[in-house]
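Q: This is the structure I want to talk about, given as structure tokens.
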Amino acid sequence: MTDLERWRLILGEPASRRTGGLQGDAARRDTALEWLYGRDPELAERGVRKGGSEDSVLQTVDWLDEVHTLFPRETIERLERDAVERYEITDVVTDPEVLQRIEPNPALLRAVLRTKHLMNPAVLALARKIVEAVVKQLMEKLKTEVRTAFSGTRSRRPSIHKNSRNFDFRSTIRANLQRYQPEERKLAIEHPKFVSRTKRHLEQWQVILLVDQSGSMTSSVIHSAVTAACLWGLPGLRTHLVAFDTNVVDLTSDVTDPVELLMKVQLGGGTDIAKAVAYGAGLVDSPRRSIVAIISDFYEGGSAAHLVRTVKDLCEQGTHVLCLAALDDEANPDYDRALGQRLANVGAHVGAMTPGQLAEFVAEKLR
């Protein structure tokens with residue numbers, strides 16, 4: 001593709017007077033881009049004439065076929081994300097023919113969770129496969145982070161257990177320097193050294209995850225479900241998962257199956273954080289060995305005063321309260337900073353954590 005063709009695709013039909021027209025695959029790319037971005041209301045307001053081929057009207061399934069043929073993977077993911085999130089093209093996730101062709105990705109998972117109530121059983125079965133595929137990807141990534149956070153730390157004490165994972169490179173070099181062979185530029189190692197690993201003594205702790213399931217919190221719900229599944233069953237740890245909007249639903253019994261859990265989540269509605277925190281407070285058995293993590297944007301629809309009072313009571317009894325701001329896919333926090341400050345003033349830890357950082361925080365408390 002020439003530079004002029006690239007600029008024409010970027011700038012749209014009005015640039016044709018300077019760049020010239022498009023032919024072949026470039027024209028097909030323009031049609032695919034126009035099918036999606038041509039519906040932007042700003043174009044009509046500015047009087048921009050639509051580009052692309054006017055002879056053929058693409059259906060969603062045809063558009064997906066074209067996109068997967070004409071664009072690189074990164075561009076495909078961006079186009080699919082814009083289709084389901086920016087322009088709310090719901091047949092991307094409700095048309096079985098489309099679902100069979102589309103590549104599972106986090107944006108598609110969010111769309112499935114938002115629209116699953118529109119799906120008939122056959123479509124829902126296909127959508128579930130998308131949920132399974134994306135959750136599997138997230139689980140594999142987060143399990144590594146959790147294992148790292150909870151694995152024993154290396155000690156400087158020598159060990160008799162010869163394990164490559166515990167090989168002590170520096171001590172081995174020092175102990176065998178006299179066996180260096182200059183003519184061959186090699187070091188003959190006769191006595192390799194190894195270090196031991198500390199074993200953590202773990203007391204029983206509780207982690208209570210309270211997750212806002214209002215419409216803007218889809219990504220946080222997904223990550224919380226996967227995080228809870230990864231934390232479940234770790235020695236010395238008891239995990240609870242509670243979803244809330246204006247109602248509170250305890251999903252702990254489904255934590256071991258995050259796919260089933262996500263298919264049960266009902267996104268949308270208002271937000272009553274105070275009610276959820278009061279419920280979480282009732283689950284606490286041993287206050288000084290409990291972590292209550294509230295994952296929300298903290299735009300409280302209930303009583304902010306009640307919320308602050310309940311969080312203050314939890315902190316005063318020794319419970320670790322984390323007020324974790326909602327994160328978008330680029331890990332940017334979005335929350336009511338005024339309410340966040342009030343919660344920080346009564347002893348809560350307020351900020352943003354990725355699921356991996358939350359696992360590290362929990363592991364640190366268990367040491």
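Q: Calculate the spin-label point distance for Y37 paired with Q266, positioning each point 7 Å from the Cα along the beta-carbon direction, and give it in nanometres.
A: It is 4.0 nm.
Q: What is the mean projected area of the alpha carbon convex hull for the stretch 282-367, to one decimal in square nanometres?
A: 5.8
Q: Another one. Working out 0.36 nm times the residue gap between E140 and E77, then minus their Cα-Cα distance, what length gain in nm do you get to one decimal?
A: Stretched fully, the E140-E77 segment lengthens by 20.7 nm.
Q: I would also like to ask the following. May I ask you to order 27-38, 76-87 by the average number of other C-beta atoms within 10 Å around their residues, highest value first?
A: Result, highest mean Cβ count within 10 Å first: 27-38, 76-87.
Q: Can you give the net charge of the other residues whose Cβ lies under 11 Å from the Cβ of D272, counting K and R as +1 and D and E as -1?
A: That sum, taken over residues with Cβ under 11 Å, equals -2.
Q: Explain nothing, just the number: relative contact order of the stretch 216-361, from Cα pairs under 8 Å at least 6 residues apart, as a whole percent.
A: Computed over the stretch 216-361, the figure is 21 percent.
Q: For the ranges 205-212, 168-175, 358-365, what's the packing order if you count other beta-carbon atoms within 10 Å of each residue, average per peptide, and put the highest first?
A: Going by the mean number of other Cβ atoms within 10 Å, highest first, we get 205-212, 358-365, 168-175.
Q: Amide H to amide H, which residues 5 or more places from L237 or on other chains are under 5 Å from it, using H placed in the peptide plane?
A: Result for L237 returns W205.
Q: What does the accessible area of K186 come to, in Å² to the nearest 10, when a probe of 1.4 Å is used?
A: Per-residue accessible area (K186): approximately 120 Å².
Q: Can you tell me what the convex hull of the Cα atoms of the stretch 174-313 projects to on average, as an area in nm²?
A: 14.0
Q: Report the relative contact order of the stretch 284-367, percent, no decimals, based on alpha-carbon pairs under 8 angstrom and at least 6 residues apart.
A: Reported relative contact order: 32 percent.
Q: List the residues of the stretch 274-294 whose backbone N lies under 18 Å from a point placed 7 Å from the Cα of S303 along the Cα-to-Cβ direction.
A: The answer is 274-282.
The values are calculated or read from the model by the stated rules, or taken from the named source; none is laboratory data. Note that the structure is a prediction, hence the values are computed from the model and not measured. Cβ: placed from backbone, ideal geometry, glycine included. Neighbour counts: every protein chain shown. Please note that ligands, DNA and RNA were not included when accessible areas were found on the heavy atoms of the full protein model with its side chains. Shrake-Rupley method; radii C 1.70, N 1.55, O 1.52, S 1.80 Å.
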